[in-house]
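FYI, it's all coordinate maths here, none of it is from the lab. Bear in mind the structure is a predicted one, so any value in this text is a computation, not a measurement. Every residue, glycine among them, receives a Cβ derived from its backbone with ideal geometry; neighbour counts consider all protein chains shown.
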Amino acid sequence: MSQSVDTPTLDTLAQELAAIQQTSSKRIAILGSRHVPIIHQQLIEMMSYALVLAGNRVLTSGATGTNAAVIKGAMRADPNLLTVILPQSLARQPRESQEQLKQVIHLIEKPENDHLALSEASSLCNGEIISRCQQLICFAFHDSQTLLQTCVEAEDQHKLVTLFYFD
């Protein structure tokens, strides 16, 4: 993990100050683990709802857990400000996610990744999400390698990263 996640650098602090002072809407990516307790899902849903109500565009992926909570909150606030990028085609998503995903206006599928392992496709998907956002909010466990690597990549691209650990 790069230094700026553990110890803020001057550059990171300057980015955080600029983000606090920015009054216009932002493109905020919210990603996280599939394995999330219900109470955490409710908190993530409320945060997503509030961010969209404030006029921010939210980007996420289509998995259960964190991403499903993000989608639920954003859809309740303003479905037009939500973009969901899937790692593979809609048909490859878990059944419990498909009904929710069919309701998303801005849904981007990646059927060209259907032949890849989900971990590989997810890494590519997260990279695309990061390239489209200004800020990343991530919910992970300390052993969530794909998500932690996504945070490092976002920092390398000088994105503001907020990382919450479940454990």
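Could you list, in sequence order, the residues of region 151-167 that are in contact with a Cys (Cβ under 8 Å, 6 or more places away or on another chain) and not in a helix (DSSP H, G or I)?
LYS159, VAL161, THR162, LEU163, PHE164
Would you confirm whether any residue within region 111-127 is part of a loop (DSSP other than H, G, I, E, B), out of contact with any Phe, Trp or Tyr (no Cβ under 6 Å at 6 or more places or on another chain) and farther than 24 Å from ALA154 by Cα?
To start, the set of residues in region 111-127 that are part of a loop (DSSP other than H, G, I, E, B) comprises 114-117.
Now restrict to residues that are out of contact with any Phe, Trp or Tyr (no Cβ under 6 Å at 6 or more places or on another chain): 114-117.
Then keep just the ones that are farther than 24 Å from ALA154 by Cα; that gives 114-115.
Yes, region 111-127 has at least one match.
If we scan region 54-67, do we find a residue that is in contact (Cβ under 8 Å) with a residue 12 or more places away in the chain, in a loop (DSSP other than H, G, I, E, B) and within 10 Å of the chain's Cα centre (by Cα)?
Residues of region 54-67 that are in contact (Cβ under 8 Å) with a residue 12 or more places away in the chain, as a first pass: 54-67.
Add one more test, that the residue is in a loop (DSSP other than H, G, I, E, B), and what stays is 54-56, 61-65.
Cutting the leftovers down to within 10 Å of the chain's Cα centre (by Cα) gives us 61-62.
Yes, the conditions are met somewhere in region 54-67.
What number of residues within region 78-96 satisfy the criterion of being assigned to a helix (DSSP H, G or I) and either of a type in the set (Lys, Arg) or under 17 Å from the mean Cα position of the chain (by Cα) (or both)? I'd like the intermediate steps shown before the answer.
First pass over region 78-96, keeping only residues assigned to a helix (DSSP H, G or I): 79-81, 90-92, 95-96.
Retained after the next criterion (residues that are either of a type in the set (Lys, Arg) or under 17 Å from the mean Cα position of the chain (by Cα) (or both)): 79-81, 92, 95.
Matching residues across region 78-96 total 5.
Could you tell me how many of the residues in region 128-149 are in a helix (DSSP H, G or I) and more than 23 Å from SER25 (Cα to Cα)? Write out each step before concluding.
Within region 128-149, the first condition is being in a helix (DSSP H, G or I), and the residues that meet it are 128-132, 145-149.
Filter again for more than 23 Å from SER25 (Cα to Cα), leaving 145-149.
Here the count works out to 5.
With respect to CYS125, is the statement that it is more than 21 Å from HIS35 (Cβ to Cβ), in contact (Cβ under 8 Å) with a residue 12 or more places away in the chain and under 12 Å from the mean Cα position of the chain (by Cα) true? Lay out the reasoning, then the answer.
On the way: more than 21 Å from HIS35 (Cβ to Cβ): no; in contact (Cβ under 8 Å) with a residue 12 or more places away in the chain: yes; under 12 Å from the mean Cα position of the chain (by Cα): yes.
In short, no.
Give all pairs with beta carbons closer than 7 Å in which a residue from region 74-88 that is under 19 Å from ARG132 (Cα atoms) meets a residue that is surrounded by fewer than 20 Cβ atoms within 10 Å (Cβ to Cβ) and acidic (Asp, Glu); count only pairs at least 6 apart in sequence or on separate chains.
Taking only residues 6 or more apart or on different chains, the pairs are ILE85/GLU128; LEU86/GLU109; GLN88/ASP114.
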